[in-house]
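Participant: Got a structure here, written out as structure tokens. Questions coming.
The values are calculated or read from the model by the stated rules, or taken from the named source; none is laboratory data. Computed from a predicted structure; not experimentally measured. Please note: Cβ atoms are built from the backbone with ideal geometry, for glycine as well, and neighbour counts cover all protein chains shown. Side chains are part of the model used for accessible areas, which takes the heavy atoms of the whole protein and leaves out ligands, DNA and RNA. Shrake-Rupley method; radii C 1.70, N 1.55, O 1.52, S 1.80 Å.
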Amino acid sequence: MPSIHSKNALLLTSVALMWNAYMNSNAVDAFSPSGLYSIKTDGSSIQKNSFAIFSATNQQSQSQSQEKEKESAQIEKLPYVIARGDGSTGGGGLPMPNQKQKQNLNKNVKEQLDASTRNEVDDNLQNNQENDKHEDDDDDDDDNLRRPKVGAEMPNGRPSWFRVPAPSQSQTSRYAQVKESLQELSLHTVCEEAQCPNIGECWNGGTGTIMLLGDTCTRGCMFCAVDTSQAPPPPDPFEPFKTADAVARWGVDYIVLTSVDRDDIPDGGSGHFATTVELIKHQKPDMLVECLVSDFRGDLKAVEKLAHCGMDVYAHNIETVERLQKFVRDQRAGYKQSLSTLEHAKQLNPDLYTKTSIMLGLGETDEEVIQTMKDLRAIDVDVVTFGQYLRPTENHLSVVEYVTPEKFDEFRTIGEGLGFKYVASGPMVRSSYKAGEFFLEHLIKKERKEKDVHEA
């Protein structure tokens, strides 16, 4: 009767024969408890060896490792953009909600209500349809429209045109000086809080956007990286004085002031803004001041307080096209509400330059962008900027697409044709951007000089 030892040897021998046939080689080595055996392809002889365990297998493993190393080397030689992705694939956002399903749902709800309530529901539905008229025009068109969503697929990689200079690490650079003065005076900037990619370029040029009213916002827009809270700390009453001091130190001629939304303050912080502007103008009357402000929830009295405080540029960002407002901005914001504040500021003070900004890459169509520009020109907005939306964290809206520089140029040309005094349009452009401020500064000075000559 064969021993367990010999059974194991025979089993391993059989396995070796099958493996040898699979590999189509002349001989293969197999390990058994009694030693190492070489078996010919026809199985006619078995020779015991005392060396080279799994020599054929080792050769195959070695060959596979070499192939993998070659493949890795080839991948490493690929350009970074190709290996990582250039942003031209992936993304795409989500389709708009189906309007027909909404209508059926509304019909089912109405059938369950008594007659007295149906009239009220009809009125509400009619109001909703008027507010969402762009979505209700054609249900078939909605199938082609896209919207952004948190957690949706991102484009693969990022295009090569997203290149910005890194902040200088030199202690003597303008970047370091601006940063030091802000820290010393406990001031905040939107450049840092909103993770702006242009911070190195702007600060090295001596320009920064100071953020008033603290660093915590009462709203939760799905594109913004600023911290949020329904009960943020009260504003620093000395902040207007600190801001005027910082601006004087920088030695610049154009400054941008912005703020978080403060719906917890009765006037939305407009009085705080106005005081800051007045103090800056007191220290340096020739300083040009741009205020990028909230919509103040449509409070036109707050707008009036700012329009007459001495600022030069009244800026409020409409952010995106009308259809995408509810997917991108906080529910307390709105397209028409934003337009109303810009229009009211201009009506109160025709000498003000009004300005707004639009993010692209959130699912908007060309037609919607052009219509937005027309709506802005209808209320005499002077300046518009276009920039690519970039997701700050995974908890924010995913990018639907990366818009090409050529498309940005196209929108700039169209905007100029519609009569905007200035259009800044490019992937890395932001609402407060050094290059744009430089142009606007000279535009304002030129037009005011011409006006003085004409009046004289």
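Participant: Could you tell me which numbered condition residue 255 fails, if it satisfies all but one of (1) open to solvent by less than 30 Å² (accessible area, probe 1.4 Å); (2) in contact (Cβ under 8 Å) with a residue 60 or more places away in the chain?
Facilitator: Checking residue 255 against (1) open to solvent by less than 30 Å² (accessible area, probe 1.4 Å); (2) in contact (Cβ under 8 Å) with a residue 60 or more places away in the chain, the one that fails is (2).
Participant: Residue under question is residue 207, and the condition is that it be of a type in the set (S, T, N, Q), part of a loop (DSSP other than H, G, I, E, B) and either open to solvent by less than 30 Å² (accessible area, probe 1.4 Å) or modelled with pLDDT under 85 (or both); does it hold?
Facilitator: yes
Participant: Looking at segment 376-394, which of the residues that are of a type outside the set (Val, Ile, Thr) and not in a loop (DSSP other than H, G, I, E, B) is farthest from residue 352 (Cα to Cα)? Walk me through how you get there before you give the answer.
Facilitator: In the first step, residues of segment 376-394 are kept if they are of a type outside the set (Val, Ile, Thr); the result is 376-378, 380, 382, 386-392, 394.
Those left that are additionally not in a loop (DSSP other than H, G, I, E, B): 376-378, 386-388.
Numbers: 376: 15, 377: 15, 378: 16, 386: 21, 387: 23, 388: 27 Å.
Filtering first and then ranking leaves 388.
Participant: List the pairs whose first member sits in segment 316-341 and is more than 24 Å from residue 301 (Cβ to Cβ), whose second member is among the polar types (S, T, N, Q) and assigned to a helix (DSSP H, G or I), and whose Cβ atoms are under 6 Å apart, counting only residues at least 6 apart or on separate chains?
Facilitator: Note: pairs meeting the criteria are 321/372.
Participant: Of all residues in segment 309-349, which are assigned to a helix (DSSP H, G or I), touching a Phe, Trp or Tyr at 6+ places or on another chain (Cβ under 8 Å) and open to solvent by less than 30 Å² (accessible area, probe 1.4 Å)?
Facilitator: First pass over segment 309-349, keeping only residues assigned to a helix (DSSP H, G or I): 322-328, 335-348.
When the remaining residues are screened for being touching a Phe, Trp or Tyr at 6+ places or on another chain (Cβ under 8 Å), the result is 322, 325, 328, 341-342, 345-346.
Across segment 309-349, the qualifying residues are 325, 328, 341, 342, 345, 346.
Participant: Given the conditions (1) within 17 Å of residue 298 (Cβ to Cβ); (2) polar (S, T, N, Q); (3) in contact (Cβ under 8 Å) with a residue 12 or more places away in the chain, report the number of the one that residue 365 does not fulfil.
Facilitator: (1)
Participant: Could you run through segment 240-284 and say how many residues are assigned to a loop (DSSP other than H, G, I, E, B) and either more than 20 Å from residue 444 (Cβ to Cβ) or at pLDDT 90 or above (or both)?
Facilitator: 11
Participant: Across segment 350-369, what is the total count of residues that are buried (at least 16 other Cβ atoms within 10 Å of the Cβ) and over 13 Å from residue 324 (Cβ atoms)?
Facilitator: Adding up the residues that qualify gives 6.
Participant: Kindly provide the set of residues from segment 289-301 that are touching a residue at least 60 places away in the same chain (Cβ under 8 Å) and open to solvent by 10 Å² or more (accessible area, probe 1.4 Å), ordered by number. Even if it seems obvious, please write down each step before you answer.
Facilitator: Here is the first cut: in segment 289-301, the ones touching a residue at least 60 places away in the same chain (Cβ under 8 Å) are 290, 292.
292, the sole residue that qualifies.
Participant: Restricting to segment 415-456, and then to whatever is among the β-branched types (Val, Ile, Thr) and within 17 Å of residue 317 (Cα to Cα), can you tell me which residue is modelled with the lowest pLDDT?
Facilitator: Ranking the qualifying residues of segment 415-456, first place goes to 429.
Participant: Taking segment 370-397 only, how many residues are out of contact with any strand residue (DSSP E or B) (no Cβ under 7 Å at 6 or more places or on another chain) and under 20 Å from residue 144 (Cβ atoms)?
Facilitator: Total satisfying the criteria: 2.
Participant: In the set 382, 409, 375, which member is of a type in the set (Asp, Glu), open to solvent by less than 20 Å² (accessible area, probe 1.4 Å) and at pLDDT 90 or above?
Facilitator: Only one candidate qualifies: 382.
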